[in-house]
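Enquirer: Here it is: the structure, laid out below.
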Amino acid sequence: MSDDALKTLAAEAGISLRWEDAFGEHHEVSPDSLRQILSALSLPCGSTAQIAESRRRLEEERRGLKLPPLLTARSGEATALPGGNLLAGRPYRLVQEDGERMEGRLPGEEGAVRLPPVAATGYHRLEIGDEVLTLAVAPGRCVLPADLTGDSRRLWGLAVQLYSLRRAGDGGIGDFTALAELARQAGGRGAAFLAISPLHALFAADPYRFSPYSPSSRLFLNALHADPAKALGPEAFARAVAEEGLAERLAQMEAAPDVDWPGVADCKHRLLRRLFLEQPAHAEVGRAFGAFRAERGEALEDHARYEAIQSHLMAQDTRHGSWKNWPEALRDPRGEAVAAFAAEHPHEVAYHAFLQWLAEQGGREAQAAARAAGMPIGLVADLAIGIDGGGSQGWSRQQEMLLGLSAGAPPDHFNALGQAWGITAFDPRALTTGGYKAFLETLRANLRFAGGLRIDHAMGVHRLWVVPDGADATKGAYIAYPERDLLRLTALESARHGAVIVGEDLGTVPSGFRDVIAGAGMLGMRVMWFEREGSAFRPPSGWSDKVMAMPTTHDLPTVAGWWGGRDIEWRVKLDLLGERSDEGREWWVRGEDRTRLWSAFQAAGVAEGPEPPPGEGARVVAPAAAFVGRTPSPLAVLPMEDVLAQSEQPNLPGTVDSHPNWRRRLPLTVDVCLDDPGAVERLAALDRARRE
């Protein structure tokens, strides 16, 4: 078997054979990596015969000998059908969502067959001969902020790590009740939205896995953000706390500077289980929960069963944290063993479904509070790029995921060794053959109570860097995704939910990609640290008007932290500088950049006087907020860590336990944090800049 045959198959499957790193160096993907990636794409390649058979399957898919279950179209445009002119002259019938019908025979021209234009957006039934499929007709673009406000106002909002919020009685972790209060406080000061960290379901039985970007499922929520007092009321909650003897422990965790995820999980589940047992006595709660469970159907039952099985098995052996290590009979979500387990443990399954009902109620109340406070957008949810392959969604959607591969990124200026994030993503071939069901259900789940959605690593709609499990991050390759279809479906769901879409387009961005998403109405992201013209910082007037603007992100230093070099201290301490840098050079470059940034602030009219010393980074936040606020970007966002001039960033990429990622809590409670004098000054600077 020749490597040439292997490379031909890989190229036909959408795998890039070569890649260029951020330093301009070119690399070729090894045959071993190609074999592992092809296997994960369900394209066997272990022999010449297997390669030939895999190529034949790809050719059949390309030629459209069988129509896919879903085709996308743009409103008012003719739609090219797969299969060349094989469909020419065949009768068709289109039944729109509103019942309107269109029928005729498919015209053929120049080797192509095009369905006549359809104006009405939606998911329509298309019949071609005896084949039936869905035609998803999308609007020309996603919803934009101006569509929600009816004018061209430049809006601003806050970025929030939900776990970091504090309120009296929260038990040591931010929850939806705190989020609702922050929405009221921020809305009253002119904020148009709250951009929140991912709320995806984690692992009830394994609270040490708490990264919001490595979830068990993106279809459901992290129940630790639910407020137990909302389950059956504050009196029942207080009684449960007393009966469990948790008052002192809850108070200690509430006062701590960091989230004690295992401790919080233990206390919350003890309280929630006790309250769940009382739930049948509350008829109204029971009816609402029953209706929710029926509406969410099989997907909710799958998730609840996964949680129940994992909890049961991990109590016996902690190696059962991944379904891949479960007894074989339980690895099939549709198997008899799983059904039997659910029948034997109905209350445990129902408990985990109840947690999802409670969490979603909290999310809906927070969005309602945001809208009531005058926010035209409200919550902007965050969709992680992938999932932990051993979790709930990987178990219930095994055929739709790239099991055996980790999503990541090749080496760049901030991560010289590249990244393998330990999460898996959608299989691009399974998306098309499955009618994009997995993608759509994930989008819809994250738009249920949000006025916007940030899509993490948006380049994943075009291509994704994947690394075989256990391999070095440099041993990966890019695989292609059906960009046109994914963007059309995103625009359609954006319109149906009335939600703004933001694509995180930072890092190694494919050529032309930013123009593509801008054309689709998806706002990109621009970060002050990266907006340069040569070595100088780009003035606000030079920023794009098709992005969300911000001084920093959760993966980068805060303004005060950057000014004082706290990020450099951490990277030196943890040996994260990489081969191309050293501590002395890092400090020298930072000193030069501080001067450049302050000069840019002065030129923009947002700062005056001498440059503050490194230890006075808090003085730099208000000018940074105003600087970002003066850009033409329709949305500008200030992280809560900057509102309160914190020096520590929420996450340091490339670390797991050596840096307190996803644990730091804000120093003030949500009812007073925006009244802090420094916070008042910074928000006023941002608000003025947006209005000027």
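Enquirer: Considering only residues that are on the phi < 0 side of the Ramachandran plot and exposed (fewer than 10 other Cβ atoms within 10 Å of the Cβ), which ones fall in the stretch 281-299?
Expert: Once the filter is applied, which keeps residues that are on the phi < 0 side of the Ramachandran plot and exposed (fewer than 10 other Cβ atoms within 10 Å of the Cβ), the stretch 281-299 yields A283, E284, A294, E295.
Enquirer: Can you tell me which residues in the stretch 382-429 are acidic (D, E), more than 23 Å from M548 (Cβ to Cβ) and touching a residue at least 60 places away in the same chain (Cβ under 8 Å)?
Expert: Scanning the stretch 382-429 gives D388, D427.
Enquirer: Moving on to the next point. Quick check, is G286 touching a residue at least 40 places away in the same chain (Cβ under 8 Å) and not hydrophobic (A, V, I, L, M, F, W, C)?
Expert: No; evaluated as a whole, the condition is false for this residue.
Listed here are the residues, each with its yes/no results for (1) touching an Asp or Glu at 6+ places or on another chain (Cβ under 8 Å); (2) modelled with pLDDT of 95 or more; (3) under 17 Å from F220 (Cα atoms).
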residue	(1), (2), (3)
E301	no, yes, yes
Y306	no, yes, yes
Q310	yes, yes, yes
M314	yes, yes, no
D317	no, no, no
N325	no, yes, no
A329	yes, yes, no
R334	no, yes, no
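Enquirer: If I filter the stretch 93-104 for residues that are of a type in the set (D, E) and more than 37 Å from the chain's Cα centre (by Cα), do I get at least one hit?
Expert: yes
Enquirer: Against the condition of a type outside the set (D, E) and either modelled with pLDDT under 90 or more than 23 Å from L440 (Cα to Cα) (or both), how does G14 come out, does it pass?
Expert: No, not satisfied.
Enquirer: Checking the conditions here, which among R682, R619 is crowded, with 20+ Cβ neighbours inside 10 Å and among the basic types (K, R)?
Expert: Step by step, each of R682, R619 is checked, and only R682 is crowded, with 20+ Cβ neighbours inside 10 Å and among the basic types (K, R).
Enquirer: Of all residues in the stretch 62-76, count the ones that are of a type outside the set (S, T, N, Q), surrounded by 15 or more Cβ atoms within 10 Å (Cβ to Cβ) and out of contact with any Leu (no Cβ under 9 Å at 6 or more places or on another chain).
Expert: Final tally of qualifying residues: 1.
Enquirer: Scanning for something in contact with a Phe, Trp or Tyr (Cβ under 6 Å, 6 or more places away or on another chain), in contact (Cβ under 8 Å) with a residue 40 or more places away in the chain and surrounded by 24 or more Cβ atoms within 10 Å (Cβ to Cβ), does the stretch 473-480 turn up at least one residue?
Expert: Within the stretch 473-480, one or more residues are in contact with a Phe, Trp or Tyr (Cβ under 6 Å, 6 or more places away or on another chain), in contact (Cβ under 8 Å) with a residue 40 or more places away in the chain and surrounded by 24 or more Cβ atoms within 10 Å (Cβ to Cβ).
Enquirer: Among W261, W323, which is surrounded by 13 or more Cβ atoms within 10 Å (Cβ to Cβ), of a type outside the set (D, E, K, R) and within 27 Å of A168 (Cβ to Cβ)?
Expert: Answer to the check: W261.
Enquirer: How many residues are surrounded by fewer than 19 Cβ atoms within 10 Å (Cβ to Cβ) and assigned to a helix (DSSP H, G or I) when one looks only at the stretch 41-59?
Expert: Count: 10.
Enquirer: When you scan the stretch 362-375, how many residues do you find that are part of a helix (DSSP H, G or I), in contact with a helix residue (DSSP H, G or I) (Cβ under 7 Å, 6 or more places away or on another chain) and surrounded by 19 or more Cβ atoms within 10 Å (Cβ to Cβ)?
Expert: Final tally of qualifying residues: 5.
Enquirer: Considering every residue within the stretch 200-214, establish whether at least one is closer than 27 Å to L652 by Cα and acidic (D, E).
Expert: So far as the stretch 200-214 goes, yes, one or more of its residues are closer than 27 Å to L652 by Cα and acidic (D, E).
Enquirer: From the set of residues in the stretch 199-215 that are under 24 Å from L379 (Cβ atoms) and small (G, A, S), which is farthest from the chain's Cα centre (by Cα)?
Expert: A204
The values are calculated or read from the model by the stated rules, or taken from the named source; none is laboratory data. Fair warning: this is a prediction, and the values are worked out from it, not measured in the lab. Reconstructed Cβ throughout: ideal geometry from the backbone, glycine too, with neighbour counts over all protein chains shown.
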